[in-house]
Amino acid sequence: MDENKPQGPEDNALNPAVAAQLEQIKKYVPSTSQRLFDFLTANLKPIGIGCLVILLGVGAYEGVSHYRAKNAAKAADALGVILIEKNDPKARVEALEGFLKDAPDSLKATAELELAAAAMIGQQYDKADKAWTDLEGSSSPDMKAIAGIGHAKCLMLEGKAQDALTLLTALKEKAPEAYKSAVTRQIAVAAEAAGNTQVASAAYAELVGKTDDNPAKPYFEFKANQLKPKS
């Protein structure tokens, strides 16, 4: 490895802000699922569940009165059991597909997110593509952005960098402001993989201008200069 090449930012650290959000969400979790919530947060990295997925999943409890209904609480616990017990990606996909047949609407997005992630790990890209496409049809701008980024990553894994770049370029125009930097970063990665160094360099340069206090800034500067078309 080139010792002079700045390293990309660490992806596995649990953001302190996210930890604070988890504590807030904990207040809304029904007592029947408290043990499950504690397990998920305590084992965030070992069981490989993305923090975003936990936030979205447990965030479904925000409608407290609805989730106090017995059948909804059982559905939430059933989903939790799948996430804890089904560690093999293909087995998890199969279990989630079964769960989704009768899942409450408020838990479908969480299950679809987990299904998409597991399908990508298991290289079942057709199922992952379908799950991401379903999520892209959400009425929530946030979910559309999350799904678009996930779908692009899936296309990258399939070796379809140009398709990913096309998707991300369109997504950037309509994504909420909070997601623009994440989309721009994925554009940089997809463009470089697609051989479009001009677009990749421009995307990294844009990230440099938005990351004054970000430890990733030297990496973005390196990539912007590395990929910049030579005059």
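The values are calculated or read from the model by the stated rules, or taken from the named source; none is laboratory data. For clarity, every value in this text was computed on a predicted model and none was experimentally measured. Note that we place each Cβ from the backbone using ideal geometry, even for glycine, and neighbour counts take in every protein chain shown.
The table that follows gives values for the structure above.
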read-out	value
Candidates Ser139, Ser106 - the one that is assigned to a loop (DSSP other than H, G, I, E, B) and either in the same structural domain as Ala203 (by TED's automatic domain parsing) or more than 22 Å from Ala188 (Cβ to Cβ) (or both)	Ser139
Complete set of residues in segment 193-219 that are touching a residue at least 24 places away in the same chain (Cβ under 8 Å), in a helix (DSSP H, G or I) and under 15 Å from Ser181 (Cβ atoms)	Leu207, Tyr219
Among the candidates Lys153, Lys180, residue that is under 24 Å from Gly122 (Cα atoms) and not assigned by TED's automatic domain parsing to the domain that holds Asp126	Lys153
Enumeration of residues in segment 174-231 that are among the charged types (D, E, K, R) and either more than 30 Å from Ser139 (Cβ to Cβ) or touching a Lys or Arg at 6+ places or on another chain (Cβ under 8 Å) (or both)	Lys174, Lys180, Glu192, Asp212, Asp213, Lys217, Glu221, Lys223, Lys228, Lys230
Test: residue in segment 173-189 that is in contact with a Ser or Thr (Cβ under 7 Å, 6 or more places away or on another chain), in a helix (DSSP H, G or I), at pLDDT below 95 and of a type in the set (Lys, Arg)	no
Candidates Glu114, Glu192, Glu136 - the one that is at pLDDT 95 or above, buried (at least 18 other Cβ atoms within 10 Å of the Cβ) and of a type in the set (Asp, Glu)	Glu192
